[in-house]
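So the structure is just underneath, and the comments pick up after that.
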Amino acid sequence: INAGQTPVETLGTACGATTAAWGECQGGLGELLQKSEDLETEMKDLFGEGGTAIFGGVLDEVNGMANDIISKSDGAKRSIDGIENLVKAAKLDEVMKMFEEYKKFYELMKVLASGQDDKLGAGPACILKCWADAVRTRLESYSGEAEQLASNVVDANHIEVFNSLVAGASQLPEQLAAVLTTLSEIPSEIASLVEKVLADPDLETADLVQSIRDKLSLDSVLDALRKLREDASEIVSTVKTSVEAVNNFVLEAPDKITGCFDPPCPFLGCLGPPPGQAELSTALDLVANAVAGGLGSVVEALTSLEAALDALNADVLKEAMDKFVNQGMTKLEKVLRVTAIFGQLKDELEQVVALVDGSAADTQAGFQTVVARCPPVETVCVTIVDSTKRTQPVLEETVTAFTDLNEDALLDASAKLTAQQADFAPSLLTTATDPLQESITQLAPIQKIQETLDRILAFVDLVPVKLGEVSAEMEVPQAAAVIETTDQIKAIPGLAELPAAFAALKDAFTSLDGAIETLEDLCVQPLQKASSLMGEAANKTAEAAEIIKTGKAIANDPVGGAMGAVSDVLGTEGINIGW
């Protein structure tokens, strides 16, 4: 196979070259595979569960912003849900009845203040007139207070507007509930999007990101909240002020009405209160009875309703939404860019892991087995080559013994040929080469290790570059440990020479594999024939010695015939060793 070498020499040389080449490779390769496993572990720790170790803090911020919108939307919904009960507790319909009765009371007071004397009592005209004038004066003064209050009392139109607002607002809880359902999906959508990008770094995310933005389109809900808060709050505040004013007026009215008719006309004491005073008292009772004496609870309910409407601050909800749109979505897009980078690393890592954990590691073990079985084969080959070199002098001694018809020298040569016959026994070679041949058959192609080596070295170069891109987007503290491991891999002694060493190993293995494949035809069979003929030559030489011993005169033809056979076999039919 190798120019200038016999097959046995080629086999021995290939064994030695394989052992030497592997010695150059295995140290660096073993450390490289070990460090690659360390890198794999650190990368997996870096990725964490769904990438949380990479950008967990940033993603938490984004989800926090989304949850803030959800919380504020839920707060608005709860406030609106409570408005209906507060409206019922405020008894607005009954309050309006009270306001209407109060207006009747005020109109009656106006009539009495400008009315006839007979409305104020009965008696001698001169005395009655004097007393009635005094009552009218006081009624006119009190009527001024009542008129001022009447001008501030809410009319029915205001209440109709309020009821219309509340009716419209009754749809808001349902709208907000739909919003909450939509918003509640955002965190899980973000997590799902991150996982998809990690699995497919080339995934187009523009539409998916836009769908999240679309979920934040709440302008119609915000406008309805603003209108309800601004318009209804103003009306409720006015109603509350009016109710409190009327309540205070009603509480003071009995004494003031009595004061208007005090002192009573001396001629009327036996007749009871004047008709006008009785009418005013009756009208006042209607005002107070309109809310069944529960003005305090009505005011309390209106206060709560006012607070509930004030809590419906659409701007607070809009601020949360704007923060998510302007900051949260920016952070999300940054997370997705980082995820895509790590997705690329993850894909590459999985390919490296598949090689390191699979056939490459098995191939490394297989090579170690092959190399361990090379030295015995090399030793046998050396023995065979040495034996062929020792055979030449023995043959020359044999020829000389024949020439000299020296039977003792022939017997000595026969003994030496017999001893060397054992060195040519094929079993010596096959016993050593059979295990080697078996391990070579079971060994995966050397390209597997070469591919693993190339992948790892490329990955080690890729990681710092990609992590640099990540650092430009956000801080990832765990990346430092990964970069440190890649630096350690690059610092492995002889790493730069490892590809060349593997190329030499590949060449040596190719030669070894070829020598093993041709072992039977080029080595075993010729050795078997040479060994057999050498034994035959030894026997014939011994026989010739006996013939010579009994009669030298008749020994030439048999000896010549035997030697001719030996010479032909060893020189042309056997292994060409220069005999």
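What accessible area per residue comes out for segment 192-344, rounded to a whole number of Å², with a 1.4 Å probe?
Solvent-accessible surface per residue comes out at 47 Å².
Quantify, in whole percent, the carbon and sulfur part of the accessible surface of segment 478-547 (1.4 Å probe; protein heavy atoms only).
Answer for segment 478-547 is 54 percent, counting heavy atoms of protein chains only.
Which of K44/K323; K416/K549; K35/K334 have a Cα-Cα distance over 22 Å?
Values: K44/K323 33 Å; K416/K549 19 Å; K35/K334 31 Å.
Where the Cα-Cα span goes over 22 Å, the pairs concerned are K44/K323; K35/K334.
Per residue of segment 396-413, what does 6.51 cos²θ - 1.76 cosθ + 1.60 with θ = phi - 60° give for ³J(HN,Hα)? Whole Hz please, x for Gly and Pro, Karplus curve as stated.
Listing the rounded values in order: 5, 4, 5, 4, 4, 4, 5, 4, 7, 6, 9, 5, 5, 5, 5, 4, 5, 5 Hz.
Pop a pseudo-label 7 angstrom from the Cα along the beta-carbon direction at both S281 and M474 and give the gap in nm to one decimal.
8.0 nm
Hey, can you find the accessible area per residue of segment 402-556 for me, probe 1.4 Å, expressed in square angstrom?
48 Å²
Would you please classify the overall shape of segment 209-251 from the alpha carbon gyration tensor, given that a ≥ b ≥ c denote the square roots of the eigenvalues, rounded means a/c under 1.5, and beyond that prolate means a/b larger than b/c while oblate covers the rest?
Numbers: a/c = 10.83, a/b = 6.52, b/c = 1.66.
Note, shape of segment 209-251 comes out prolate.
Once segment 372-422 is represented by equal point scatterers at the alpha-carbon sites, with solvent omitted, what log10 I(q)/I(0) does the Debye formula produce at q = 0.28 Å⁻¹?
Taken in order of the listed q values, log10 I(q)/I(0) reads -0.98.
So, taking all protein chains as they sit and a 1.4 Å probe, how much accessible area belongs to D322, in Å² rounded to tens?
60 Å²
Based on alpha-carbon centroids, what's the gap between segment 399-421 and segment 216-241 in Å, whole number please?
Their Cα centres are 128 Å away from one another.
In whole Å, what are the Cα extents of segment 357-466 along the three principal axes, biggest one first?
Computed over segment 357-466, the largest-to-smallest principal extents equal 88, 23, 14 Å.
Per-residue HN-Hα couplings for segment 308-320, Karplus 6.51 cos²θ - 1.76 cosθ + 1.60 at θ = phi - 60°, whole Hz, x for Gly and Pro?
Result, ordered by residue: 5, 5, 5, 6, 7, 8, 4, 5, 5, 5, 5, 4, 5 Hz.
Compute the normalised compactness of segment 304-425: alpha-carbon radius of gyration over 2.2 N^0.38 Å, N being the residue count.
Details: Rg = 44.1 Å, N = 122, 2.2 N^0.38 = 13.7 Å.
This ratio for segment 304-425 stands at 3.23.
In nm, to one decimal, how far is the modelled label at V209 from the one at T303, with both set 7 Å along Cα→Cβ?
The modelled label-to-label distance comes out at 5.2 nm.
Once the convex hull of the alpha carbons of segment 76-117 is built, what does its volume come to per residue, in cubic angstrom?
57 Å³
The values are calculated or read from the model by the stated rules, or taken from the named source; none is laboratory data. For clarity, every value in this text was computed on a predicted model and none was experimentally measured. Every residue, glycine as well, gets a Cβ built from its backbone with ideal geometry; the counts of neighbours run over all protein chains shown. The protein model used for the area step is the full one, side chains on, heavy atoms only, and it has no ligands, DNA or RNA in it. Shrake-Rupley method; radii C 1.70, N 1.55, O 1.52, S 1.80 Å.
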